[in-house]
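None of the figures in this text is laboratory data; all of them are computed from the coordinates on show. It should be emphasised that the depicted structure is a prediction, and the values quoted were computed from it without experimental measurement. Here the Cβ positions follow ideal geometry from the backbone for every residue, glycine too, while neighbour counts run over all protein chains shown.
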Amino acid sequence: MELDQSHTSIDAKAPLLCLPPTTSLRTAAARAEARTALQKEVVAIEKEVDEVRLRLSSVHTRLNGLSPISLLPPELLSRIFHILRDNWKSLVIFKLLGWVAVTHVCRQWRQVALEDASLWTEIGSPFYFNHNWFLEMLTRSKRAKIDITTPSKPSPETLLTLSHHFSRIRTLSLHNFGETFYNAKQQKFLGSEAPVLEEFVMTPMDPMMAGGYFISAADSLPPGYKLFDGQAPKLRKMQLSCFPIPWKYLPKCTLTHLQVSGGPGLAYCNSDEGLDPLANVLTDTAPTLEMLSLDGCLPPLRSQPTQTRVIEFPRLSQLYLKGSSSCVVHLLQSLKMPPLARLGLHFIANGDEEVASWPTIVPFAISCLDDPKMSAFRTLCLEFAPEIGWTTTAVYASRTADIFDKPRSDDKVDLLLKFENESLSNSGSSNIIQKVCATLNMTRLDRMEVEAPYMRHPPDWERRLSCRQ
């Protein structure tokens, strides 16, 4: 069936139908008035929606208040937040905001968290360390003592802000710093008084490439400069890695832990005065010091001292010395430790003459220890570096120790002796081992480990050890 299209077609030549004047478009003023009325109506409706939301939020708040968890006292809820803050990294549900996500749960939780200033004192998580969040944490912590850790090099703005809060810093860990720490502003920052500081850690961004910064910084320190202006009465733990400050510039405080690992800058800035400034620092801290580690930071001896100063450490439980053989032996002569203190000695020889003197130095170094100390060793480890190629490990255990014990760690070994030289031969290491076995009193020894590259074990080691046992 064909449709009749005579009524549906439009003649292009036909005149357009004109609308009457009453249906014409409105004027501009009328359109503006209509838009204004429409906007007012939208605003009124949005206001009504907000009122409904507030009423609904109030209803939800009342409903949440009836749940058992909302009945917890604020003190208990705050304690739960503290536990979460200290353990949130082990939970996979917190990725972006970390433990701070609990402040987005409800109004009550957020209010409790914001009112507890001690909850915001640990500043430095890598998930939210930036300048803006740093400022927010300082604000939320109010006047409480704070713990600062910089996982990356802090900005100048952050350091400037931090200098105004130095009086309430409890722990300060500056990691991955670069050359910006060695200008006048940074020296002033580290020269501020630290009345509540208990722990200070400073490590470089790249120890192998920062030596030039360290040396220039040591030369630019003003006369009479003191770290923390010499005012750190509560400082107990200090760990410095490749930090080029002379020993005489360290503050006088009652340290319990002192760890210093050296570098070209530290050796340079302490080379002119020998071991005397270090001995002064150790004398000041000796009554309270429990752990001392001097790793590659011993300045060279200018001359053989005519008189040795004896420094007694009544509470020392762990000692580690690394440096040239002469410096290690000389410093060991000056230290008097408790019999049960763990001891690690790392001898570095820069030439064949020092290597040849090792068999003589070892008995001399051991003789510096008191007799009670010599008979208190239960675990002994000997290492020969560099560990290039295949490294052979020999383990000898008495009947009271299992040869398949867990791998040892340096801080659990009673006596660690390490010898470092590129040209150390197998015969030289064997000779040193025989000297050690002949010198030490091994009546109480339970375990002995020897690590050396391509080492062949002398056949009489077991006989020597069995006789000592």
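Listed values, structure above:
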{"item": "Estimated FRET transfer efficiency when R0 is 60 angstrom, pair T360-Q111 (beta carbons, to 0.05)", "result": "0.25"}
{"item": "Q231 long-range amide H proximity, modeled H, under 5 Å", "result": "A194"}
{"item": "Residues D352 and V310, FRET efficiency given R0 of 30 Å [Cβ-Cβ distance, rounded to 0.05]", "result": "0.35"}
{"item": "Radius 11 Å from Cβ of G296, net charge of other residues (Lys, Arg +1; Asp, Glu -1)", "result": "-1"}
{"item": "Protection proxy ranking of 74-86, 280-292 - average other beta-carbon atoms within 10 Å, highest first", "result": "280-292, 74-86"}
{"item": "Other-chain or far-sequence residues with amide H under 5 Å of C368's (modelled H)", "result": "none"}
{"item": "Calculated from backbone phi, Karplus (6.51, -1.76, 1.60) coupling profile of region 136-142 in Hz, x at Gly/Pro", "result": "5, 5, 4, 5, 6, 6, 6"}
{"item": "Gain upon complete extension [T439, E48; 0.36 nm per residue less C-alpha separation]", "result": "131.6 nm"}
{"item": "Förster radius 45 Å - calculated FRET efficiency between T27 and S155, Cβ distance, rounded to 0.05", "result": "0.15"}
{"item": "Long-range amide H partners of A385 with built H, under 5 Å", "result": "F419, E420, N421"}
